[in-house]
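Enquirer: Let me give you the structure first, and then I'll get to my questions.
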Amino acid sequence: MLEFGTDTAAPADLIKDGTEASFMADVIEGSAEVPVIVDFWATWCGPCKTLGPMLEKAVTEAKGKVKMVKIDVDAEQRLAGALAQQGLPLQSIPTVVGFVQGRPVDMFQGAVPESQIKEFIKKLCDMAGSDGGLGEALEAAEEMLAQGAVADATQTFAAILGEEPENAAAMGGLARAHLAMDQLDEAEGLLNTAPEAIFNAPEIEAVRAQIELARQAASAGPLGDLKAAVEANPDDHQARFDYALALHADGKVEDAVEELLDLFKRDREWNDAAAKTQLFTIFDALKPQDPVALNGRRRLSSMIFM
């Protein structure tokens, strides 16, 4: 598996028991490198016994993107008192504080669900700009795919997913790599296994749209014949729709959008609003800032609400 610069240290190096003597090195100085989560707890605290193992599990799964320091407020009363005087609300425990660049930047109190812990960690990593090199790996994989190095791109996307299974961009990229190899079934099957958290993410939905368009392209009719049919009878909606499909299959995306907008203008309800549905499929398959998508969405919206 490829390495992206994540900390491969054992859990013992990621999760420590903190003291007044070690707080400066482990938390203040340590958070200059990666975010540090500080868990303020006590042996008599019931919710602490629930939350602590969940925090440790999440930190371990983050593979070095964050570290954790556990502070027993009874054993470290002077440290807890000093931090409380500086504004940390430690009257209630468990209290969990995230430190970035030596400063407390976020916190929560009480036992919370695992999903909230993961979101807390993600927020800290985003604030610190620490993704373990995954962002650079994604950019590299996209560049490989754009240059036709599909096998290398496939390997890199897969490696990223090995590190972060809920990375929607990597999941979408791997599916697009399958599309580049004309492996439509494999791409579709991959997306069907996407974790629930990213199942409907924009990066995933975009590839689903691309798969649908690719299947349509396989059965698109002759471009010249369909163009002639539309010119012979502009009110032949089926011919115009099929012509738009053929245009898209031929790489003429903007022309396909024009034909579908024309069809929608002529009869927006034809074939259960097939023109509008097809337009949304094309828009979803394009990048959000693609001029064809932006202009097409604007024009379609003006037609819908006129």
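The values are calculated or read from the model by the stated rules, or taken from the named source; none is laboratory data. For clarity, every value in this text was computed on a predicted model and none was experimentally measured. FYI the Cβ positions are ideal-geometry reconstructions off the backbone, even for glycines, and counts take in every protein chain you see. Surface areas here come from the heavy atoms of the whole protein model, side chains and all, with no ligands, DNA or RNA. Shrake-Rupley method; radii C 1.70, N 1.55, O 1.52, S 1.80 Å.
Enquirer: Nearest 500 deg cm²/dmol is fine: what mean residue ellipticity at 222 nm does the chain get from its DSSP H runs of n ≥ 4 alone, each adding -39,500 (n - 2.57), divided by its residue count?
Expert: Here the helix-only value at 222 nm equals -18000 deg cm²/dmol.
Enquirer: If you line up the long axis of helix 46-61 against the longest principal axis of the chain, both from Cα atoms, how many degrees apart are they, to the nearest 10?
Expert: Around 60 degrees separate the two axes.
Enquirer: Can you give the extra length, in nm with one decimal, that the chain gains between residue 225 and residue 54 once fully stretched, where that is 0.36 nm per residue apart less the Cα-Cα distance?
Expert: Between residue 225 and residue 54, full extension yields an extra 55.2 nm.
Enquirer: Near residue 146, within a Cβ-to-Cβ distance under 12 Å, what is the net charge of the other residues, with Lys and Arg +1 and Asp and Glu -1?
Expert: Its environment carries a net charge of -3.
Enquirer: Take the solvent-accessible surface of the protein heavy atoms, probe 1.4 Å, and return the percent of it on the chain that carbon and sulfur atoms account for.
Expert: Of all accessible area on the chain, carbon and sulfur atoms account for 51 percent.
Enquirer: Next question. Can you tell me the relative contact order of the chain? Whole percent, Cα pairs under 8 Å, sequence separation 6 or more.
Expert: Answer for the chain is 12 percent.
Enquirer: A further question follows. What does the charge add up to near residue 85, with Lys and Arg as +1, Asp and Glu as -1, over the other residues with Cβ less than 15 Å from its Cβ?
Expert: Around residue 85, the surrounding residues sum to -1.
Enquirer: In addition: Give the cysteines in the chain for which no other Cys Cβ lies under 4.7 Å away, or write none if there are none.
Expert: 125
Enquirer: Describe numerically, in nm with one decimal, the distance between label points set 7 Å from Cα along Cα→Cβ at residue 289 and at residue 238.
Expert: Inter-label distance under the simple model: 4.3 nm.
Enquirer: Whole Å is fine, so just give me how far the alpha carbon centre of region 222-263 lies from that of region 267-306.
Expert: Between the Cα centre of region 222-263 and that of region 267-306, the gap is 15 Å.
Enquirer: Further question: Which pairs, out of 65/287; 63/118; 227/265; 16/118, put more than 21 Å between their alpha-carbon atoms?
Expert: Those over the limit are 65/287.
Enquirer: I would also like to ask the following. Based on Cβ point charges of +1 for Lys and Arg and -1 for Asp and Glu, what charge dipole magnitude is obtained for region 117-211 about its Cα centre, in debye rounded to the nearest 20?
Expert: So the magnitude is around 180 debye.
Enquirer: If the chain between residue 82 and residue 61 were fully stretched, how many nm would it gain, using 0.36 nm times the residue separation less the Cα-Cα distance?
Expert: Here the segment from residue 82 to residue 61 would lengthen by 4.4 nm.
Enquirer: Here's a follow-up. Expected output is a single nm value to one decimal: the length gained when fully extending between residue 42 and residue 127, i.e. 0.36 nm times separation in residues minus the C-alpha distance. What is it?
Expert: 27.7 nm
Enquirer: Moving to a separate point now. So, for the chain, what is the accessible surface per residue at a probe of 1.4 Å, expressed in square angstrom?
Expert: Details: 15780 Å² over 306 residues.
About 52 Å² of surface per residue is accessible.
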